[in-house]
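Report on the following structure.
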Amino acid sequence: MFASRQFLSLLLLLTIKTIGTWAAGGHQMWTYTGQSGPVHWSQAFQACGGTRQSPINIETGSVKVEYWQPFIFKNYDDPPMVMRVANNGHTAKVEMDSHNAPRVAQGGLKGDYIFAQLHFHWGGDSSQGSEHTIDGVRYPLEMHIVNYKASYGNLGTAVQKPDGLAVLGVMYEVSDTDNAALTPLVNALANITDAGLFAEVATPYPLRAFLPKDTEKFYRYEGSLTTPTCNEAVIWTVFDTPVRVSENQLNALRAMKTEDGYKLINNYRPTQPLHGREVQVSGASYSSADSISMKNMGLALYFISTMTVVMMNM
């Protein structure tokens, strides 16, 4: 009788856990491999089979040049009051509390976007890891800084809008030295190896430290979340200039585990078809564009004056 009660209690707990998982948005319904891997996502999440999906391969020979004002990064230089990193079984997700929320504007974006979180995608080795590829090249690590449009009020509403999110994609390349901004974050990862854990990051760097030095050259396209539910709500920015990361720091990410206890590696979605979408690249800043215009105008005036002189001497 006691054994039967134990069995029934265990069955009830498993049932509650399963129902809770589905109600929470299917946290365990998708993985990066096997029958619940990316190829099958659209069976459970219809949007994953859409025509505006991410990531993509960026073919630099086919992009359209656009001239936008430079990005404005508001409160990006302010160290956060608290930074937390969590192992949610799919990635290392970072959130922060700040006196004034970091925001990004301009750079071709229509409106202000408020920082929500950042997270990473990496490989089992340094030959793979990034979600986006540039001319077919895959980097060992890609960071996504997720921002939601301020005018929509909150992340939940914004993710339902075609321009609700602005995600900044940062590529990493391997270096012999550690990335100082990542060091406090990497140190915290040792405490969250198992899925479902989180830890505070000691002496965190401001958000600016996670950006590449050159933020003026970037690629832009309309896409989606790269994980289920794959909402087609993202204005993507992928910076051209990579940031450095050491193998030791990459190995700290690779030491994390999924909910099933497996190594959390190769957590990137394969690139998706463009379906006719246009990919843009930022040209010179407005000031540079103005100087180019002035130069062109000067050449035109020179040509006109030269032709005038020629005509007068005929």
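Across the alpha-carbon set of region 78-146, the Rg to Rh ratio works out to 1.05, Rh being the Kirkwood radius.
With each label modelled as a point 7 angstrom along the Cα→C-beta vector, the Asp77-Asn248 pair spans 3.1 nm.
Here the Karplus relation 6.51 cos²θ - 1.76 cosθ + 1.60, evaluated at θ = phi - 60°, turns the backbone of region 38-53 into coupling constants of x, 4, 9, 4, 5, 5, 9, 10, 4, 4, 5, x, x, 9, 10, 8 Hz, with x for every Gly and Pro.
Every pair of different Cα atoms in region 31-296 enters the Kirkwood calculation, which places the hydrodynamic radius at 18.9 Å. If the chain linking Asp125 and Lys64 were pulled fully straight, counting 0.36 nm for each residue of separation and taking away their Cα-Cα distance, it would gain 18.7 nm.
Label positions at Asn154 and Val137, each projected 7 Å from the Cα along the C-beta direction, are separated by 4.3 nm.
All other residues with a Cβ under 10 Å from the Cβ of Asn147 taken together, and with Lys, Arg as +1 and Asp, Glu as -1, what is their net charge? Provide the component values of the computation, followed by the final result.
Values: positive: Arg103, Lys149; negative: Asp112.
Net charge around Asn147: +1.
How big, in percent, is the set of alpha carbon pairs in region 146-253 lying more than 19 Å apart? Roughly 58 percent, once rounded to a whole number.
No value in this document is a laboratory result; all are computed from the given coordinates. Since the model is a prediction, treat every value here as computed from it, not as a measurement. Cβ sites come from the backbone with ideal geometry, for glycine too, and all protein chains shown count toward neighbours.
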